[in-house]
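A.B. asks: Mind having a look at this structure? Questions to follow.
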Amino acid sequence: MPTPPQLTPAQRSAALAKSTAARQVRAAIKARVKAGELSLSAILTLAVNDEAIAKMRVAELLESFAGVGKVRALAILEKLNISPTRRIQGLGVSQRENLLKEFPDRVAAAQRGKLLVLSGPGGVGKSTVAKVLRESGEFWVSISATTRTARHNEVDGVDYFFYTDEEFDNAVKSALFLEWANFAGARYGTPRKPVEDALRDGKSVLLEIEIAGAKQVKERAPEAVLVFLEPPSWEELVSRLEGRGTDSPERRAARLELAQEELAQAGFFDISLVNERVEEVVAHLISLVTQR
Ligand code: 5GP
């Protein structure tokens with residue numbers, strides 16, 4: 001056995017300083033992975049020029065991804081035929097590719113915008129809240145498609161995309177909606193792609209939709225925050241609905257009946273807010289997406 005080289009005290013303290021620095025680099029990398037700030041591909045790139053990262057064990061790295069832990073990390077390594085003691089620098093090309101498939105966009109998930117769904121009975125003031133939020137610039141507010149006819153003050157492509165029945169059918173068949181529902185004799189749907197694009201760009205997205213649609217969103221995107229807007233009182237809601245000059249008497253009566261059923265659904269939602277003052281509701285919704 002060759003005798004290990006004797007280190008001078010100066011060499012020993014230099015080696016110690018190097019390993020302390022390497023540990024610090026690895027701890028910082030793991031903390032950033034845990035916080036969702038670094039993706040696997042970013043780390044593999046960093047490892048090219050950083051010895052401390054290159055020498056990190058793959059298992060140790062995987063464990064620091066949110067929701068992974070020791071057991072899952074080892075299971076992933078086993079599945080991908082990677083030794084549990086393998087270091088990043090020792091990964092083969094196909095092992096890297098397989099790992100990247102396993103950890104595709106965890107960072108993207110952390111950097112994605114938040115999806116907020118604002119719902120509640122018709123007449124409660126959702127669209128006013130949505131309008132103020134759009135103007136605030138804090139939210140990207142989705143524009144829905146609908147088969148109902150445009151009100152005199154509404155603009156196609158701004159308030160809604162006004163679709164014919166056939167256009168709506170086609171959009172449903174082509175799975176272009178994130179959700180859609182019938183409401184008071186018309187159909188309403190949220191175009192999926194613009195919502196996904198905005199979320200991917202890190203924007204906070206607001207959907208102002210009725211309750212059946214909100215439930216569909218929760219099924220498809222469980223991370224969505226569902227907010228139920230309540231009227232200060234039933235009388236207030238009635239007077240708001242009756243004060244709407246834009247609806248026919250039949251439509252208003254149907255909306256009142258629906259509103260009663262809708263109010264009973266508040267329990268399904270993550271948060272309920274009473275719409276006493278629009279500014280308060282708006283401030284609350286902004287705080288939901290700006291908290292980190
Ligand atoms: P209005 O006809 O008064 O503009 O809207 C009627 C109802 O449809 C409101 O409760 C509104 O929130 C809801 N709504 C608007 N767009 C959508 C949508 O894309 N999907 C669903 N499910 N409801 C919507």
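A.B. asks: Mind checking which residues of the stretch 143-157 are loosely packed, with under 12 Cβ neighbours inside 10 Å and at pLDDT 95 or above?
C.D. replies: Within the stretch 143-157, Thr149, Val155, Asp156, Gly157 meet the criteria.
A.B. asks: If I ask for residues that are within 12 Å of the ligand (Cβ to nearest atom) and open to solvent by 50 Å² or more (accessible area, probe 1.4 Å), which ones from the stretch 219-245 would you list?
C.D. replies: Within the stretch 219-245, Arg240, Arg244 qualify.
A.B. asks: Only one residue in Val141, Val155, Val132, Val124 is in the same structural domain as Asn275 (by TED's automatic domain parsing) and without any contact (Cβ under 8 Å) to a residue 12 or more places away in the chain, so which one is that? Steps first, answer last, please.
C.D. replies: Working: Val141 fails: without any contact (Cβ under 8 Å) to a residue 12 or more places away in the chain; Val132 fails: without any contact (Cβ under 8 Å) to a residue 12 or more places away in the chain; Val124 fails: without any contact (Cβ under 8 Å) to a residue 12 or more places away in the chain.
From the options Val141, Val155, Val132, Val124, the qualifying one is Val155.
A.B. asks: Would you mind telling me which numbered condition in (1) touching a Phe, Trp or Tyr at 6+ places or on another chain (Cβ under 8 Å); (2) modelled with pLDDT of 90 or more Gly90 fails?
C.D. replies: The single condition Gly90 does not satisfy is (1).
A.B. asks: If Trp140 meets every condition in (1) closer than 16 Å to Val289 by Cα; (2) open to solvent by 70 Å² or more (accessible area, probe 1.4 Å); (3) at pLDDT below 95 apart from one, which number is that one?
C.D. replies: (3)
A.B. asks: While we're here: Looking for something within 24 Å of Leu263 (Cβ to Cβ) and surrounded by fewer than 16 Cβ atoms within 10 Å (Cβ to Cβ) - is there at least one such residue anywhere in the stretch 189-210? Talk me through it step by step, then tell me what you get.
C.D. replies: We begin by selecting, within the stretch 189-210, every residue within 24 Å of Leu263 (Cβ to Cβ); these are 189-190, 206-210.
Next, only the ones that are surrounded by fewer than 16 Cβ atoms within 10 Å (Cβ to Cβ) stay: none.
Looking through the stretch 189-210, none of the residues is within 24 Å of Leu263 (Cβ to Cβ) and surrounded by fewer than 16 Cβ atoms within 10 Å (Cβ to Cβ).
A.B. asks: Of all helices (runs of 4 or more DSSP H) completely enclosed by the stretch 203-292, which ones contain at least 2 residues that are of a type outside the set (Lys, Arg) and at pLDDT 95 or above?
C.D. replies: 211-220, 278-290
The values are calculated or read from the model by the stated rules, or taken from the named source; none is laboratory data. All values reported here derive from a predicted model rather than from experimental measurement. Backbone-built Cβ (ideal geometry, glycine too); neighbour counts: all protein chains shown. For accessibility, only protein heavy atoms count, side chains too; no ligands or nucleic acids. Shrake-Rupley method; radii C 1.70, N 1.55, O 1.52, S 1.80 Å.
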